Amino acid sequence: MIISIVNQKGGVGKTTLALNLAGSFYKMGKEVRLIDTDPQGSLIQWQAVAEDPGVKVLHQSRPVRPRQIRQLKKDADILIIDSPPALEKTTLNNLRICDLTIVPVSPSPLDIWSANDTVLQIRRVMKKNKKMEAVLLVYRKIPGTRIGKEAKAALDGYGLPVFITEITQKIAAVEAMISGQTVIDYSPRSKSAKEFTALAKEILK
Ligand SMILES: Nc1ncnc2c1ncn2[C@@H]1O[C@H](COP(=O)(O)OP(=O)(O)OP(=O)(O)O)[C@@H](O)[C@H]1O
Ligand SMILES: [Mg+2]
């Protein structure tokens, strides 16, 4: 399975999501490859501080070619592709080659509105890439807030499916990154680890 993480808006949590989702699949015994197609190369920096990453990261700040994909699929069960914060060539290519696109959206009106262009572009690609499914994800939810509660309803307006699992804003996800781990290894019993694991299970279903 090839999963692309896409949102044109910067800083919504694409890279953190890609990493911790990969960590969850790895813990479930899957062979995972993370492909970092963002020129910022954040995942490569993470790999550099990671002592025992488990998840293998490949950095490539240009479109992934079909031949590469075929080769990578031979070695791995799941490929997760992190995209740059723009709807340019690389991101469009990531949409074209994947089976599942996940769009993380923070539950704030500005973030929900700004997902519009990303969703429009995804719909365009879906007309050609018929095998691709696109699912929105409530990401960085702050529990106990009204906006957190209403986030899912707001995302429903886009007419794409929304994951039942929601990912809460948690410092553990950030601390794990600093120590070169995924939150699954850094703090296995944390709410954050449980949410990413639940998301991985929901995807496999
Ligand atoms: N679940 C989370 N809880 C708390 N903070 C988070 C969470 N996920 C991400 N963050 C923080 O949000 C910020 C943006 O995250 P990240 O770099 O993953 O986003 P991005 O969409 O990949 O950004 P860019 O568009 O620049 O690539 C970072 O400071 C990160 O530590
Ligand atoms: Mg990123």
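The values are calculated or read from the model by the stated rules, or taken from the named source; none is laboratory data. A quick note: this is a predicted structure, and the numbers were derived from the prediction, not measured. Counting neighbours? That spans all protein chains shown, and the Cβs are built from the backbone with ideal geometry, glycine included. All accessible areas refer to the heavy atoms of the entire protein, side chains included, with ligands and DNA or RNA removed. Shrake-Rupley method; radii C 1.70, N 1.55, O 1.52, S 1.80 Å.
Expressed in Å, the radius of gyration and Dmax of the Cα atoms of the stretch 1-99 are 12.3, 34. Surface analysis of the stretch 1-52 yields an accessible area of 38 Å² per residue, using protein heavy atoms and a 1.4 Å probe.
Rounded to a whole number, what % of the accessible area of the chain do carbon and sulfur atoms account for, probe 1.4 Å? Accessible surface attributable to carbon and sulfur in the chain totals 52 percent.
Step through the table entries K141/K194; K30/K56; K14/K127, compare each Cα-Cα distance with 22 Å, and write down the pairs that go over it.
K14/K127
At a Förster distance of 35 Å, what's the computed FRET efficiency of K56 paired with R146, Cβ-Cβ distance as r, to 0.05? With a Förster radius of 35 Å, E is 0.25.
Evaluated at q = 0.10, 0.11, 0.21 Å⁻¹, a Debye calculation over the C-alpha positions of the stretch 58-205 (equal weights, vacuum) places log10 I(q)/I(0) at -0.39, -0.48, -1.48.
If the chain between E175 and R96 were fully stretched, how many nm would it gain, using 0.36 nm times the residue separation less the Cα-Cα distance?
Computed gain between E175 and R96 is 25.1 nm.
Model label points for K191 and Q40, set 7 angstrom from Cα along the Cα-to-Cβ axis, are 2.5 nm apart.
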